[in-house]
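Enquirer: I have a structure here, written as structure tokens, and I will follow up with some questions on it.
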Amino acid sequence: VASPALSSDGGRLAWLAWNHPNMPWNGCDLWTADLADNGDLSDLRHVAGGATESIFQPRWGEDGSLFFVSDRTGWWNLYRASAGGAVDALCPMEAEFGLPQWVFGMSTYALAGQGRLVCSWTKDGTSGLGILDVHAKHLSPCELPFTDFDGVQTVGDRAFFVAASPIEPWQIVRLELGGGAFETLRRSSENTLDPADVAVAEPISW
């Protein structure tokens, strides 16, 4: 089991479960249950997943809906399950919004209030970060000088994440969701590379 997530009122629990020989990136199940004060679970419900469907990072919304990433189409995309159980695709793309769970606590998206998600994705070997309007199902990419993102979190109207590029080392970045201004809070290395010395990779398909 992995990825336990509490609802905002503490009364609901969501989690992932799978059985060997599967690993969670092969196939796993998303479950929810009512959580009593003494820790007892009741009204268990299977939301999504199975032996061939991989689920990643469940998160509760303020309205009781449940967000998660699923690869049911062959791509790890974002979904939302309503309190009634209906599952809705939020941003269908030929891109990966999830990751194989080599370790615990991985985060590719975070709720930002006002019906928004801050999310990262990988397409053609390069990552992007943007703000998804959940109601309009519209993704607005952020203009940032990075090609890799990890550990996406939000606090109020700010997003925090780890990012890097072919010439920039991994660094902790703070992004203002209102205006798009960003600031590096900590770099993993103070060494810098001259862009002229780096051959930046380009995606090629055939």
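Enquirer: Amide H neighbours of A48 under 5 Å, at least 5 residues apart or on other chains, H built in the peptide plane: list them.
Expert: L30
Enquirer: Can you tell me the accessible area per residue over the chain, all protein chains present, probe 1.4 angstrom, in square angstrom? Mind dumping the intermediate values first?
Expert: Working: 11340 Å² over 206 residues.
Ligands and nucleic acids excluded, the result is 55 Å² per residue.
Enquirer: Could I ask something else about it? Send over the per residue convex hull volume for the chain, Cα only, as a whole number of Å³.
Expert: Working: hull volume 31.6 nm³, N = 206.
Taking only Cα atoms, the chain has a hull volume of 153 Å³ per residue.
Enquirer: According to the Cα gyration tensor, what semi-axes, each the square root of 5 times an eigenvalue, does the equivalent ellipsoid of the stretch 1-95 have, listed from largest to smallest in whole Å? Provide the component values of the computation, followed by the final result.
Expert: On the way: eigenvalues 98, 55, 18 Å².
Result for the stretch 1-95: semi-axes of 22, 17, 9 Å.
Enquirer: Something else: Quick one: putting +1 on the C-beta of Lys and Arg, -1 on the C-beta of Asp and Glu, what dipole do you get for the stretch 49-131 around its Cα centre, in Debye to the nearest 20? Mind dumping the intermediate values first?
Expert: Working: 5 positive and 8 negative charges, 26 e Å.
Rounded to the nearest 20 debye, it is 120 debye.
The values are calculated or read from the model by the stated rules, or taken from the named source; none is laboratory data. If you're wondering where the values come from, they're calculated on a predicted model, not measured in any experiment. All Cβ positions, glycine included, derive from the backbone under ideal geometry; neighbour counts span all protein chains shown. Side chains included, ligands, DNA and RNA excluded: accessible areas come from the protein's heavy atoms. Shrake-Rupley method; radii C 1.70, N 1.55, O 1.52, S 1.80 Å.
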